[in-house]
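*Asks:* Let me begin by handing over the structure; questions about it come next.
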Amino acid sequence: MKFLKAAAAALAATTVAVPAANAAVIGIETDETTVQAGEIFDVRILFEAETETEILSAYLLDIFFDDDALAFAGVSFIDPETNVNQVDFPWAPAYVSEFFADAIPGEVELFGITGNENDFLLENQADDFVVATLSFLAYRNSDSAMIVLDTLLSELSGNNLEPLNPVFGQTELNIEVVPLPGAALFMLTGLAGLVARKRLG
């Protein structure tokens, strides 16, 4: 937890600079900053293009989280607004695409690369969309369980897989996990362990 707070402070320092003009924006958001122990909640990774020529064609995103209170429970690469993966439209394959999440305690690495032609993405990709939705199980009380999008390790690609240098929007979430009635907490600790083993197995 101390490492996570130190990392968050270092990351915050990297995002203070004045944003470049016409830069795409990527960040994280959630609808629930207070959850009950035992609840599964979602965190969304958002992408917003600033010009018509900006697209997202590939990404490697690192997300750190407080595994003293949270367990990674799953991921979806579907944008809920359009009900499609905006980085890879399945009806127009030109190359082999790949999307996956690697999870270890305290960290999730998301990888995605399009199978679409560049011109197709330019014409069809939305200007702003959800890149991925991560689900977390809150299993232990916490005043401030942190989830951080790493601005140093994360990489994005745009036109023809050339590097895309985004401005980072919100990169840190603080989740308050409030208690459940007594005995249920013991069950949750075991459930979190099962979730972690399943993701790593």
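The values are calculated or read from the model by the stated rules, or taken from the named source; none is laboratory data. Small disclaimer: the values here were computed from a predicted structure and weren't measured. So basically every Cβ, Gly included, is an ideal-geometry build from the backbone, and we count neighbours across all protein chains shown.
*Asks:* Determine which member of the set 176, 123 is modelled with pLDDT of 95 or more, among the acidic types (Asp, Glu) and either more than 19 Å from the chain's Cα centre (by Cα) or not in a strand (DSSP E or B) (or both). Working first, answer last.
*Replies:* Details: 176 fails: either more than 19 Å from the chain's Cα centre (by Cα) or not in a strand (DSSP E or B) (or both).
So the residue among 176, 123 that is modelled with pLDDT of 95 or more, among the acidic types (Asp, Glu) and either more than 19 Å from the chain's Cα centre (by Cα) or not in a strand (DSSP E or B) (or both) is 123.
*Asks:* Let me ask something else. Can you name the residue in segment 50-80 that is of a type in the set (Gly, Ala, Ser), touching a residue at least 60 places away in the same chain (Cβ under 8 Å) and not in a loop (DSSP other than H, G, I, E, B) and is also surrounded by the most Cβ atoms within 10 Å (Cβ to Cβ) among such residues? Lay out the reasoning, then the answer.
*Replies:* First, the residues of segment 50-80 that are of a type in the set (Gly, Ala, Ser): 57-58, 69, 71, 73-74, 76.
This time we only want the ones that are touching a residue at least 60 places away in the same chain (Cβ under 8 Å), so: 57-58, 69, 71, 73-74.
Checking the rest, the ones that are also not in a loop (DSSP other than H, G, I, E, B) come to 58, 71, 73-74.
On the way: 58: 20, 71: 24, 73: 20, 74: 16.
Within segment 50-80, the match that is surrounded by the most Cβ atoms within 10 Å (Cβ to Cβ) is 71.
*Asks:* Something else about it: Out of curiosity, is residue 119 free of Cβ contacts under 8 Å to residues at least 60 places away in the same chain, closer than 16 Å to residue 149 by Cα and charged (D, E, K, R)? Quick ask: steps written out before the conclusion?
*Replies:* Working: free of Cβ contacts under 8 Å to residues at least 60 places away in the same chain: yes; closer than 16 Å to residue 149 by Cα: no; charged (D, E, K, R): yes.
When the stated conditions are applied, residue 119 does not pass them.
*Asks:* Condition test on residue 136, is it aromatic (Phe, Trp, Tyr), surrounded by 15 or more Cβ atoms within 10 Å (Cβ to Cβ) and in contact with a strand residue (DSSP E or B) (Cβ under 9 Å, 6 or more places away or on another chain)? Give the steps one after another, and end with the answer.
*Replies:* Details: aromatic (Phe, Trp, Tyr): yes; surrounded by 15 or more Cβ atoms within 10 Å (Cβ to Cβ): yes; in contact with a strand residue (DSSP E or B) (Cβ under 9 Å, 6 or more places away or on another chain): yes.
Yes; evaluated as a whole, the condition is true for this residue.
*Asks:* In segment 94-114, which residues are more than 14 Å from the chain's Cα centre (by Cα), loosely packed, with under 14 Cβ neighbours inside 10 Å and without any contact (Cβ under 8 Å) to a residue 24 or more places away in the chain?
*Replies:* 95, 96, 98
*Asks:* Looking at this structure, is residue 90 at pLDDT below 95 and either buried (at least 21 other Cβ atoms within 10 Å of the Cβ) or touching a strand residue (DSSP E or B) at 6+ places or on another chain (Cβ under 9 Å) (or both)?
*Replies:* On the way: at pLDDT below 95: yes; either buried (at least 21 other Cβ atoms within 10 Å of the Cβ) or touching a strand residue (DSSP E or B) at 6+ places or on another chain (Cβ under 9 Å) (or both): yes.
Answer is yes for this residue.
*Asks:* Would you point out which residue out of 143, 150 is surrounded by fewer than 21 Cβ atoms within 10 Å (Cβ to Cβ), touching a residue at least 40 places away in the same chain (Cβ under 8 Å) and among the charged types (D, E, K, R)? Break it down stepwise before answering.
*Replies:* Numbers: 143 fails: touching a residue at least 40 places away in the same chain (Cβ under 8 Å).
From the options 143, 150, the qualifying one is 150.
*Asks:* Which members of segment 81-108 meet the condition of being assigned to a loop (DSSP other than H, G, I, E, B) and among the small types (Gly, Ala, Ser)? Step through it out loud before you land on a result.
*Replies:* Initially, segment 81-108 is screened for residues assigned to a loop (DSSP other than H, G, I, E, B), giving 81-83, 85-97, 105-106.
Hits for segment 81-108 are 92, 94, 97, 106.
*Asks:* Here is a follow-up. Residues of segment 68-85 being among the aliphatic types (A, V, I, L, M) and within 14 Å of residue 135 (Cα to Cα), which ones? Steps first, answer last, please.
*Replies:* Going residue by residue through segment 68-85, those that are among the aliphatic types (A, V, I, L, M) are 69-71, 73, 75, 78, 84.
Of everything in segment 68-85, those that are among the aliphatic types (A, V, I, L, M) and within 14 Å of residue 135 (Cα to Cα) turn out to be 69, 70, 71, 73, 75, 78.
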